[in-house]
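The values are calculated or read from the model by the stated rules, or taken from the named source; none is laboratory data. These numbers come from a predicted model, not from an experiment. A quick note on method: Cβ atoms are made from the backbone with ideal geometry, for glycine too, and the neighbour counts reach across all protein chains shown. Keep in mind that these areas ignore ligands, DNA and RNA; they rest on the heavy atoms of the full protein, side chains included. Shrake-Rupley method; radii C 1.70, N 1.55, O 1.52, S 1.80 Å.
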Amino acid sequence: MRTWWAMCLIAALAALATTASGAAAVAGPARAGQDIEPSIEQSVEFRSGDVTLHGTVTAPAGTAGQRRPGIVLVHGSGPETRAKYRAEAQAMARSGFVVLSYDKRTAGYSLTQRSYDRLADDALAGVRLLNGRADVDPGKVGLWGFSEGGWVVPLAASRSAQVTYVVLVGASGVSLARESAWALGNTLRHEGVAGSLLRTVPVTGTRFLADAGRLPEADHDPLPALRRVHQPVLALWGDDHKSPPAESAVAIGKALRDGGNTDVTIRFFPHADHKLHTSSDGFQRGEHLTPGYVDTMAYWVAGHGHRTDDALPHQARRSHDLAPLPTYEASAAQAAAFVLMAVSFAAYLLTELVRRLRSHPCAPGAGRTPRWLAAAELATLLGFLGYFGFVTMTLTTGPMLGNRPVCWLVLQFLTAGAAVAAVATVVGWWRARASVPGRTHARLGVLGLTSALFFPWALFWGLMTP
């Protein structure tokens, strides 16, 4: 009798295990803290329009015959590759996802050219690839968008019913230009910078780059696409200094709900950076994903995760819309003025050098002061061009003196010196006007006119403000 009861118990347990296994084939990811076997990786290629994209599918190992949720990783800005997202792909695979990460296209994507519509097409091509796999549940294929991907993914999701859920990480609810200015300001403040440079690089610089076409998609508004997204959305932020978290959470949540989407969950993770890696201050990125991040995704996709919004985090500064440059300050006008000034100042100095080499006497009114004026202005122009490029490319300011970068102080000192030299040049020229030769009058006139351009230019770029 005991043997018979034991056999019945074993049979019941076996049936229960079989039922659970069959449910797991379509149920969703592993439960938090109960990672399944290590992941496996497979290289893949897929077409998006006329471009072949190269990627990697990372899937749970030892789950043959089971269908798992699929997720396509849509990367942040820049020439991103799948290698930079391997930690995310492996962590998600260990939690039960079949993950596609791919190298971002290079055709049609650069510092001066990009299209979020085209990147959305690439993401949807990835969704089609996962939908065709035997180990993916076609009813649970989603998109994960990080940073720039937070603008791309809503465009893609709004176009395809094959996308069944959306996860946004560090997404921005404001335009690229507005976000860039806010983020650059945060970085400079973190470096300890104060003064006019805090406006020159983040605000003036962003307006100039956008006008010059060096910030493609600068005015992209993410909200219309979000209003067309009707799939469940999970939006996540850390201690974000790249995308304004509180503003973005409010804007994204409102846009989704205004479009009729009520399945929206917003979560915040302290001690995490923009990419949800561990971070003590939100700026320095750790090697590991912040605890609970992937588990939150797994629970949520499985349908029994946290479904209420977290309280908004503290955001020290609000972002602001940037007005376009007026015509007289536009990048083309400034470029022309810059070239004109540089050529004029250099020509004056070169002419003076030739005169001295030929031992010609100095003409009245054209002594040392005009040379100092031309030299200070030319040095300021070239120095500013180099330093602005250095700061925007490296996001560092170089040596500091108090809360002012030394290089910026030097440029401001040169500008002040040029102002003094300009006054002295005009006074000397006026006093000697009766004895100044006609050719010298012409040279000083050109120098004076281009100097008249220099000081409004310097004021625009913050070189004449504290």
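Residue separation of T52 and A323 scaled by 0.36 nm, minus their Cα-Cα distance, works out to 93.7 nm of gained length. Distance between the pseudo-spin-label points of A336 and L111 (7 Å out from Cα toward the beta carbon): 2.5 nm. Estimated from helical segments only, the mean residue ellipticity of the chain at 222 nm is -15000 deg cm²/dmol, where each DSSP H run of four or more residues counts as -39500 (n - 2.57). Across the stretch 219-376, the mean sequence separation of Cα contacts (distance under 8 Å, 6 or more residues apart), normalised by length, yields a relative contact order of 17 percent. Taking label points 7 Å from Cα along the Cα-to-Cβ direction, Q284 and I40 give a separation of 4.0 nm.
For the peptides 202-215, 313-326, residues were scored by their other Cβ atoms within 10 Å and the scores averaged per peptide; the highest-first order is 202-215, 313-326.
When you restrict to C-alpha pairs under 8 Å that are six or more residues apart and normalise by the size of the stretch 352-466, the relative contact order lands at 38 percent. From the Cα gyration tensor of the chain, with a ≥ b ≥ c the square roots of its eigenvalues, which class applies: rounded if a/c is under 1.5, or else prolate if a/b is larger than b/c, or else oblate? Taking the square roots of the gyration eigenvalues as a ≥ b ≥ c, the chain is prolate. Of the peptides 233-241, 160-168, the ranking by mean beta-carbon count within 10 Å, highest at the top, reads 233-241, 160-168.
Within a Cβ distance under 15 Å of V427, other residues only, what is the Lys/Arg minus Asp/Glu net charge? Neighbour charge sum, excluding V427 itself: +3.
Annotation for S435 and R86: the two label points, set 7 Å from Cα along the Cα-Cβ direction, are 7.8 nm apart. Protection proxy ranking for 260-267, 175-182, using the average of other Cβ atoms within 10 Å per residue and placing the highest first: 175-182, 260-267.
Summed over the residues of the chain and divided among them, the accessible surface reaches 47 Å² per residue at a probe radius of 1.4 Å. Please give the Cα centre distance for the stretch 158-233 versus the stretch 88-111, rounded to the nearest Å. Taking the Cα centre of each part, the stretch 158-233 and the stretch 88-111 sit 21 Å apart. Element breakdown for the chain at a 1.4 angstrom probe: carbon and sulfur atoms account for 62% of the accessible area.
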